[in-house]
Structures are given as structure tokens and as C-alpha cells.
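Here is the structure we will look at.
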């Protein structure tokens, strides 16, 4: 294949220089029936009107992560199956949703599409930690794939924005993750949101005190459903099991079940609730550690200027089973809690346990881009637009097209995006194109203006037009009309 | 599955709330042997040192595309197989490189990973053109997948940056594609490059004149190899075939073969060579169209301020077989031609022919991000760095960590990225971390400075240190030290 250019292949014939037999493919294709241009089930296209706010959010997140010293990495969309499924345990569940990938010459079952960015991070870090050094702070933004049943707003490919600090147990790293969530959501203009924190060690301590440490995983799984099935539902599960017989039940006594629930339900509020918790659990070293850690995190977030009304403790917050071991986070947008958490994560003792004996603790979180954008859209906080340029320059019928091309180049050079309409169709239709897509101004150079080296400036919203402005004033007049000051930036 | 939070799943257990049997997965896993953390064959991780210039380039490209009025779209990485393979002809070749994708419940062979961004564009446009309107100018940046034999610098997943104008035949759109290539490469700091243009109609005319129109595809395929196998190699192919018997041969007479080659070899230079071409082919309507089109493109590019030394005509440039029908582009970096084209494309009569009867002409190009970055790296033009923040604030042993956290927050608020080291290890090691990664300055607050509400500012390159600067002067002093003027921007 040698130096074959990969920048722009011929579709339908990947290797033109190696496939003489398909020289007439185009002719053959025309004779075939048309192909339905639909996407595969559970997947979607993202049109410009949704992509423009999406790219704006991603650029903001990248800048936020970078401002805290997180650096980007990228791992392939395709991983070796055993990296994703862990060679055994848990793989039934994973295999049910995983997309396996095969190419000619490959064995089926060898490769798969990643279903999150955490497993690839673990693999990457296990492989490279000696060169990376500690702490390693990385962010990663990319598509992940899960073959779930499609549903409204739930797609089989979606984007995660992860940021993690690996190789330190410091509470500064814990606090920083919440600080980044705060900075990122503030920067994209979410007006009010709540970051809920807990430390898994406190839950562990409480269960230890009640003599239930051996049933931690199943109890936490039930507690995570509190929002969904309510106090009574969870009580049923914690005791003998639900009456519908769907859930096995954890087998707690009535007192134990109520004890767990009372503790959790009283454990919601600001940092002040930790005093009460300390009284009941402070003598257990593990719980005391968790309490002290949450206190330090709140202290540091205060020093960082994160307003205390953005922060909340919920001692029932567990987030998953055997993975998180310290602080955990969830973030809901005030008034839009029904969307669930838009940024979540926590601390883990050993990210890389599948790949290396060297334990690597870390802490991180993930912003759910698709969910967040759906929320912004529904809340009316997304600024919709179908264009990213403020200025349209029509190709006026009968005029020399070099003038719009040259004027647009001047605008771009001064930092103002400008689009030239490519066809000399009726001017009204060109202006219509601009108003439909959201261009704000049109710079019009007809044959008469061309003669006098001037342009008319039309506001596409108000339809008002200023006539005969000299070309020399282009940048100044446009910058002023866009409210930009002296021609800089957009 | 209901409202399960997808923002941060437990790895190794996709649906914790549905898989009680894996509650002890972690324990089981620890007992298993370790998994090799390598990537699949032909794939790669991109570490921070490569990602930082990569993201810088992508941000520049996005801004460039947007400044011309191209809007972003995104299509899934997974497409229906028949969309990619076109239901029949050509699919042997495609299937050889394609990654097929299957999930539980899906039929094997139904889905596949996209191998370029052009077929998905065609599908998207065919489906949505009535809402999109014409012209539709889109860019798309994303990974594509080809199961080729791995080789140095060639990966099975790589990124394409495509931009296309669909729904117009205007030469303004043709010229604009070259203008965007010029703007994008200039913006990322490529010092000198050459955009080579041709119009396929001129080649068609020449072959028509020689009576060889029926063998166009095979002749063009040979001509595309001129750079690789030289004049003699191409001559052999065009005549009876190569003596090694590898190539079937096109079967031209010696005169015809020489005629084709002479035409092509004389057809390289600036726009002035079109005069000569017009003399020999101007009477053929199709060739005349191509000549006029190239002239207009050069005119418009001149008006747009693209320097003529960046532009070149090569009448032998064909780029693929039956796809391009008008102007074609290739771009090489001066002195680095061995890397091949870093930005290529052309005009096509009918993008959507597989999906709809409505013909949709268009023109576009693709920047080969991976190739371009490899070139920048090898040429020493990439500014390497392992951090994106200029300032490191150590957590000085014995000092209160709230001070570094608060100072870093102030710097970020004034637009200066700052990283706080999370562990109170020996200060020298923390500074070492900074100099290794490329932080420029360290803001040091030890117990003494904490007392006097001051900091020491250390230049991590020169190791010079300014002592006892009051906290109040933080933003001003740092901005000045970074050469940023009054605290704005980075």
C-alpha cells in the first residue's frame, strides 16, 4: 500500500490502486436499487443546530480541565476484549451490552468497542505509569458504546468527558475534582446546581457498627434505589425481600433495616451534619477517616471560592458496588433533578488492579455530555444557531465575485467570521439563507456598489440597511455593528 | 434500566443494579492472573505530549472551518453495513479492510465501523437535504477505521478532518476549499506548502482527443503512480504491461502512451500553463470547461489573498477513479513532500447517488491530521509540552493547603492556568515535577510566606527566585512574568 494517500479515499473502493477489478464500480452501482440512508438502531446523527452548542461546551470543558493542569490523552475506540471484560468475573453482564469487533483475518471475540473511558485509562496508566510520573492528571473526551435497549434520549453511542488524578491519596485531589465540576458547569452557564458528596468510609463504618459489613455491597445497591423506589421499597428489599418476589432481599432484621435507613435519611445537609455523625461513628477509625476527609474537602472548596450552597452531603450516596472506596460525587441541576446526575465520580483505591500488582489510587469524575446538553436544551439555556459566522456576503447577480471573496478574507483576517454565498441566485434568496441560519449581518456589493467601491450593510433581523459604506471602513463598521469594540475577537 | 446514571459506571460491571451475582467480582478478579495492558494490533494510545499539539491543531481547524461558515455535524462511528459497502460492487475490497461490529441480539454482518467521513456525509445529506437547504457546508472531525496491515505511522484507527460544500456547482465553492486548506495550514504554523490543483475535465478532454476515453480509469490509475514508479514505470504500464508481469497493462500504443505522458509532464506549473493547454484542447467543450474553471479558481484565490506561490497546477493529478469529476486538490509541505499529501479532495457530481435519485454535486477536502502532526513533529515545528498550565503551586510541607488552592483559583479566574501539587512531599521534588512537565513558574508559599501573606516566584527554567511578593500582587506579577500584559488570556 506504500505511500497511498489516506487523506481522502474513494468511497466504495478503499484501495483504488490495488483493485483494478472495481474500475467500473460506479456504473454498476447506478444500476442497483437505492440504499435506505437511515442510521443503525439506537444510534443518531447530530445536526449542526445540536453540534454548535455541543462543540462550545466541549471547548469550555477542555479549557477548564487544562486550567487545572489536567492533560489530554486519547485511547483507541477498539480495545482487546479481555481488557474490557477482565478475563472472567462480571463478563456475562459486560458481554450482554458490548459491541464485539472483527476484521478480516481477526478472530471473532478478540476485539470490542470500549464501553467507558475508565477501563482504557486503567490500561493506559498500568502500561505507562513509570514514564508518566505521579500524580498523573488526565482528561479524556470520547464516544463509548453500549448495546442497550434504545430509549428516548438514550443512545448506544454517547460521549463521556472524564478527568482523573491518579497516584495520590491527597484530599486536595478529592476537592479539586469537585472544584472542576463546579468550574465546568459554571463556565457553560448552568445557573444553579448541587454537588452531592459522601465518603464511602462513613457508610462502611455505619454498617460495621450495625454488624452488617459482610452485606455491604447488597445494602448499598438497595440504598442507591432510594430515589427510585422510596423508603418503603428500600425497607422491603433490606428486610425479607420485596413482595413482588423480584428482589432476593438482604435479610436484615426490621431494626437493622430501619437503622440503616434512619442513618442515611438523617445524613443529608451541609458540612454541619458531620458533627452528629462524628458523635455516633467517630470512634470507628474508618468512619473517622471518612468524616475528616469530607471536612478537609469542604474546607479546601471554601478556600477555592466554591459557594457552600453548591455543596451538599448525602451519607446514603454510594454509587456502585466494589469500585469506589472514598469520596463520591454526584451533581444535579437545581430544578432539573429528574435528569439525574450530570457529573459523577469518586475515589478508588486501585484503578489498575486488573493489569498490575502496583496499587494506584486515584480520584476522578465524568461529565455526561449528552444528558447535560439535553437538559440545557429542555431548560432553554442552550443558545441555538445553525451558523457560526455572523456575516454573510451575497454573490450579487451581475457583480464580480472577487469582491465578496476579498471582503470576506479581510473580515476573517480581523477575527470576524464571514461566509460568501457561492451562487449568483436572486439576492433575496441569498438573504433568506442568512436569516434562516442565523447570520446577523449581510454585506451587499451589487454592480453599483462595486463601481463606487462601497457596500450596503443589512441587519438580517431588523431588515434595516445602511447604504454606501466605503470598503475601507469594512472592519470597523462590522465590528461596531456586532458590538465587538475595535475589530478584535468574536 | 430506567434512570440508571450513565455518567460514571463501574468498570467490569456495566449494570450494577441488575447483576447481583457479580457483587463480589472484585474479590474474584484479584485471584485471577493479570491482564496484559497492551493495545490491540495496529492501534495506539496518544499520550499527553502528542495530544497537546493535536488538540491545538484541531481547535485551530475548527475555528478556521467555522470562520468560513462551515458548520459541524457528527455521525455515529457505527453504520449499517450496506451503507458502507453499497450493497454490491466494490464490496470485496471494502470488506477486506472493514471492521464489522456485532452486539448481543444483532446479526453478524449487519453493522460496521465507518472507514471514512464521506460515506456518512452522503447518507446524512441524502436523508436531511430538504431541511438542511442548499448550499450545505459542513465539517466533521472523527476517527475512521481500516483493518490494514500495520506499518510505521499507519494505524488502523486514524482521524480525518473533512469539510465539504454540498448542493452547488459554483467555482466559488471550489476556490473556497483551497482557501480553507491555505488558511488552516497557515494558522497552525506550516511555514511553506503547495496546493496542487487540476480539473478532471481537462484530463478527460485529453484522453478523448487521443481516442482513449474508454480506458480513462485505468490510465488515470497509472498516472497516479508517476511519483512512485517514475516515467518508465508508467510507460510500461500504459503500453503492454510491466515486464515483471505484475500489472495487466492498459494496451496503449507507444505513441499514445508517450502522448499521454508528455501532456501530463508538460502540464505542471502556474496558471500560465493553461494558455498552452487551451491551444491544444480548447476546442473540446469538456476540456474548455475545466480550463475556464481552473482560471476562475486562481482568480478568486488571488482576490482572497492566497499567494500564487502556494498554488500549482498539475494536469496529471487525478486522485482516484470514478469519484471526482471536476477540480481536485493535493497539498504537500515544501521540503517534506515524502510525507505525501496532507490535505486533499475534489469536486464530485453526485455525492448521494447510492441513497437518492436527486443528484447532489459538491466539493470538499480532508486534512490528514495524523500525517500532518507526524510531519510537524519530524520537522521540529511542533511545540512539545506535557502540561497546558504555566503555573505550578507546590503544597509546601508544613503549610496550610488552603492557600495554594485559593491562589490557584485567583489565577484561573484571571485567565491563567494553575496547578496545585496535591501531596506535601519535599518541595524540591514538587519543583522537579514542574520543570519536567514544562510548567514555567512556581508560586511558593511556605510557612514563613504564609505568615507574611506573600509568595516566592520561581522561574523553573532559569531557577531564579523572586522573594516575598505580597499576595495582593499575584495576578499582576504572574501575568507580567509570563509576558501577558495586564493579566488577560494565556
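Values quoted throughout were computed directly from the atomic coordinates according to the rules given, and no laboratory measurement underlies them. These numbers were taken from a predicted model, which means no experiment stands behind them. Here the Cβ positions follow ideal geometry from the backbone for every residue, glycine too, while neighbour counts run over all protein chains shown.
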Starting from a Cα-only point model with no solvent, please compute log10 I(q)/I(0) by Debye for region B:275-314 at q = 0.15, 0.22 1/Å. -0.40, -0.72
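Hey, got the average number of other protein chain Cβ atoms within 10 angstrom for residues in B:402-409?
What the average comes to for B:402-409 is 6.
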Run the label-point distances for residue B:462 please: 7 Å along Cα to Cβ, every other copy, nanometres, shortest first. 5.3
Computed over all unlike Cα pairs, the Kirkwood hydrodynamic radius of region A:204-354 in Å stands at 16.6
Distances from residue A:214 to the same residue in each other copy, label points 7 Å out along Cα→Cβ, in nm, shortest first? 8.7
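Compute the Rg to Rh ratio over the protein assembly as shown from the alpha carbon atoms, using the Kirkwood formula for Rh, and round to two decimal places. The partial results should precede the final answer.
Details: Rg = 30.8 Å, Rh = 30.8 Å.
Here the Rg-to-Rh quotient is 1.00.
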Would you mind calculating the gained length between residue A:424 and residue A:232 on full extension (0.36 nm times residue separation, minus the Cα-Cα distance), in nm to one decimal? 62.1 nm
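With 16 Å as the cut-off, how large is the P(r) tail for region A:97-158, expressed as percent of Cα-Cα pairs? Please report the intermediate quantities before stating the final value.
Numbers: 1132 of 1891 pairs.
That tail contains 60 percent of the Cα-Cα pairs.
If you take every DSSP beta bridge fully contained in chain B, what fraction is antiparallel? Give it as a percent rounded to 5.
Values: 48 of 58 bridges.
Roughly 85 percent of the beta bridges in chain B run antiparallel, per DSSP.
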For region A:96-229, the Cα-Cα pair-distance distribution in 5 Å bins from 0, as whole percents, is 2, 7, 10, 12, 16, 19, 16, 10, 5, 2, 0, 0
Projected-area average for chain A over all orientations - Cα convex hull basis, square nanometres: 32.1
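Go ahead and run the numbers for FRET between residue A:82 and residue A:459, Cβ-Cβ distance against an R0 of 56 Å, rounding to 0.05. Please list the in-between numbers first.
On the way: r = 61 Å, r/R0 = 1.09.
For residue A:82 and residue A:459, the calculated efficiency is 0.35.
What ranking do A:67-79, B:133-145, A:467-479 get when scored by the average of other Cβ atoms within 10 Å per residue, highest first?
On the way: A:67-79: 23.9, B:133-145: 21.8, A:467-479: 16.2.
Highest-to-lowest ranking by the protection proxy: A:67-79, B:133-145, A:467-479.
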With a/c under 1.5 counting as rounded, go ahead and sort region B:378-451 into rounded, prolate or oblate using the C-alpha gyration tensor (a ≥ b ≥ c being the square roots of the eigenvalues; past the cut-off, prolate if a/b is larger than b/c, else oblate). oblate
For a protection proxy built on the mean count of beta-carbon atoms within 10 angstrom, sort B:409-416, A:118-125 highest first, please. A:118-125, B:409-416
Bridge type composition, the protein assembly as shown - antiparallel percent by DSSP, nearest 5: 85
Within a 10 angstrom radius of each residue's Cβ in B:437-447, how many Cβ atoms of other chains show up on average? Whole number is fine. 0
Among DSSP beta bridges lying fully in region B:391-481, give the percent that are antiparallel, nearest 5. 60
Taking the Cβ-Cβ separation of residue A:36 and residue B:149 as r and a Förster radius of 35 Å, what is the calculated FRET efficiency to the nearest 0.05? 0.55
P(r) of region B:355-490 in 5 Å steps, Cα pairs, percent per bin? 2, 10, 17, 18, 15, 8, 6, 5, 4, 4, 3, 3, 2, 2, 1, 0
Within chain A, helix-based [θ] at 222 nm, where runs of 4 or more DSSP H residues each add -39,500 (n - 2.57), nearest 500: -12000 deg cm²/dmol
Inside 10 Å of the C-beta atoms of B:200-210, what's the mean count of C-beta atoms belonging to other chains? 0
Put the label 7 Å from Cα along Cα→Cβ for residue B:280; what are its distances to the other copies, in nanometres, shortest first? 9.3
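Tell me the Kirkwood hydrodynamic radius of region A:422-490 in angstroms, computed as one over the mean inverse distance between distinct C-alpha pairs.
On the way: mean 1/r = 0.0784 Å⁻¹.
That comes to 12.8 Å for region A:422-490.
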